[in-house]
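Chemist: Submitted below is the structure of interest, expressed as structure tokens.
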């Protein structure tokens, strides 16, 4: 039995008492989330790690009568404490001691994937290597021999394709057998460069009495030699000053040790790859390279990106709008009418609350669920096949013009789904100034909630031209984003620019199960928001519009709107549109819900009522303001969280308020002038 094996009696006792705890570890884009979704399905929940804003995914499943608890660790390239993700991954393994760690690696890029494995093997937890994307590797002419790799590593290796479910049952069986101590486990660890082995041993002797549980002595010594900041602080705090000085003197004398440790790992990786991998013949071109000749081309790549976005919105309108209309007429309208008839003997305010405040408000929002479903599905598909990284790559040159780089495009593109994860996604940007600039610009990206408002109103006001108008309403914030970024970068950050380094994952077939689960969770989140936040706001708006009298024009809401109306008057917005904008601060969909309440749209189509009330010029000005307006309160909260500054948060809010109203005024004034010619 190796030093890393867990005694069989101890394992058997633990497994009788509870389910098998499995941690999924892996670098980004290796298919870890696909495997997690395939194993857990709907039996998963998402939250944050304690004290962190990093997402935590956990699920459970049962196979052959055995219960498993699966924790999806954050995607990370290594276990050095340079980011919250890396620290979370290693602390969970060391402190929670899962029964098995499944290291998911990409068979097509094995050298890169094995670096994390090289850091996992020295930890006191058994590791199974899930050799994923075998089909993608063969597609690129790369052949990996799992048996040879297993013999070279000394740990179980399971070939698989998570997207197709190939090898997944074998992986689960291997995890169970390894957790029960039924499989041999003798990992062949990377060795540090020989000229530094002696100092590593000496450091281990000095710290042996002071290493706190649950950290292994040899691992701590190696991390000290690497210069790991967290481990260094920990040992400095636990060791007597005179003992720490001895260790610190050794570290100062060998400040090149980090290179020695890394070179030892790369040498180990090279041996593994030479033993198990057969590469394509010289001159052979894989599918990814052929596709990327177009997808990453400086000109054609941008054309393809524009075409992809255009196709997404075309599908949204072609398929989503008829479904939206049917839902509005046959479901929401029928429910409102039914509510009035059921409570005909009740006070008028009660039936109006149900029909107008609750069903009319929330129903108006739920009618664009089909549009969101189509958009969510399209984004999940593009991300799953590997296209999103290409979009970032081709946008790099344009990003540089505003002081950013292509890596900023990834979180900015996330903003098309929601601005909150877009701002959280800026953590992948190393430069503090580029990260701050991206945070300030992210709320300008029109999220799905804003686009849903556009998708609802544009067909009503502009008919067949709705697609063209929507194109303009999506491109306008992007152009303003670019101009704003250039100005902010020039004035506040003095035109500084950042380098751009990122990987382009191989193309692969989409995993429809993963896409479906992503679609389900996003749609469910939207419906929950409609049933909680939007319902509450709709009821409040209805109450303010219904009292003190039944005439909306004399209600409390009208007074608030009339007080704020001067803000939007230059853009042609009356008090009702101004109130709708104000309510969108809670959630962007509230603007539709608010208009539904104000226009009493329980039985009649809200779109028809709005089209009969406002001219196309006013409608266009309102939509421009809506797409550029202050983001929802959740986004503002995340801006403060990520910048840790009220000054930058208030600057962001004020900037967007000025930009949105100025753009709306420009559209209204120019549109009115053109209409008068």
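Chemist: Within segment 163-188, work out how many residues are buried (at least 16 other Cβ atoms within 10 Å of the Cβ) and in contact (Cβ under 8 Å) with a residue 40 or more places away in the chain.
Modeler: Of the residues in segment 163-188, the ones buried (at least 16 other Cβ atoms within 10 Å of the Cβ) are 163, 167-168, 171-172, 174-176, 178-181, 183, 185, 187.
After this cut, where a residue has to be in contact (Cβ under 8 Å) with a residue 40 or more places away in the chain as well, the list is 163, 168, 171-172, 174-176, 178-181, 185, 187.
Matching residues across segment 163-188 total 13.
Chemist: Here's something else I'd like to know. Tell me, please, whether a residue that is touching a helix residue (DSSP H, G or I) at 6+ places or on another chain (Cβ under 7 Å), over 17 Å from residue 268 (Cβ atoms) and not in a helix (DSSP H, G or I) can be found in segment 107-124. Steps first, please.
Modeler: Of all residues in segment 107-124, those touching a helix residue (DSSP H, G or I) at 6+ places or on another chain (Cβ under 7 Å) come to 107-108, 110-111, 114-115, 118, 122-123.
Going one step further and asking which of them are over 17 Å from residue 268 (Cβ atoms), we end up with 107-108.
From the residues that got through so far, the ones that are not in a helix (DSSP H, G or I) too are none.
No; the residues of segment 107-124 include none that is touching a helix residue (DSSP H, G or I) at 6+ places or on another chain (Cβ under 7 Å), over 17 Å from residue 268 (Cβ atoms) and not in a helix (DSSP H, G or I).
Chemist: Here are 484, 448, 532: which of them is at pLDDT below 75 and either in contact with a strand residue (DSSP E or B) (Cβ under 7 Å, 6 or more places away or on another chain) or more than 28 Å from residue 615 (Cβ to Cβ) (or both)? Full working, then the answer.
Modeler: Numbers: 484 fails: at pLDDT below 75; 448 fails: either in contact with a strand residue (DSSP E or B) (Cβ under 7 Å, 6 or more places away or on another chain) or more than 28 Å from residue 615 (Cβ to Cβ) (or both).
532 is the lone residue from the list that is at pLDDT below 75 and either in contact with a strand residue (DSSP E or B) (Cβ under 7 Å, 6 or more places away or on another chain) or more than 28 Å from residue 615 (Cβ to Cβ) (or both).
Chemist: Still on this structure, I have one more. Among the residues of segment 292-326, write down those that are at pLDDT below 75 and more than 21 Å from residue 387 (Cβ to Cβ).
Modeler: 317, 320, 321, 324, 325, listed by residue number.
Chemist: Could you please let me know if residue 472 is without any contact (Cβ under 8 Å) to a residue 12 or more places away in the chain and in a helix (DSSP H, G or I)? Break it down into steps so the answer makes sense when it comes.
Modeler: Working: without any contact (Cβ under 8 Å) to a residue 12 or more places away in the chain: yes; in a helix (DSSP H, G or I): yes.
For residue 472, the condition - without any contact (Cβ under 8 Å) to a residue 12 or more places away in the chain and in a helix (DSSP H, G or I) - is met.
Chemist: Which helices (runs of 4 or more DSSP H) sit wholly inside segment 596-677 and have at least 2 residues that are touching a residue at least 60 places away in the same chain (Cβ under 8 Å) and surrounded by fewer than 17 Cβ atoms within 10 Å (Cβ to Cβ)? Let's see the steps before the verdict.
Modeler: Numbers: elements: 606-613, 616-628, 633-643, 646-675.
Helices (runs of 4 or more DSSP H) meeting the threshold: 633-643, 646-675.
Chemist: Also, quick follow-up: Look at segment 146-170 and say how many of its residues are over 30 Å from residue 259 (Cα atoms) and in contact with a helix residue (DSSP H, G or I) (Cβ under 8 Å, 6 or more places away or on another chain). Lay out the reasoning, then the answer.
Modeler: Going residue by residue through segment 146-170, those that are over 30 Å from residue 259 (Cα atoms) are 147, 158-170.
Those left that are additionally in contact with a helix residue (DSSP H, G or I) (Cβ under 8 Å, 6 or more places away or on another chain): 158-168.
Qualifying residue count for the region: 11.
The values are calculated or read from the model by the stated rules, or taken from the named source; none is laboratory data. From a predicted model like this one, the values you see are computed outputs, not experimental measurements. Ideal geometry is used to build each Cβ from the backbone, glycine not excepted, and the neighbour counts take in all protein chains shown.
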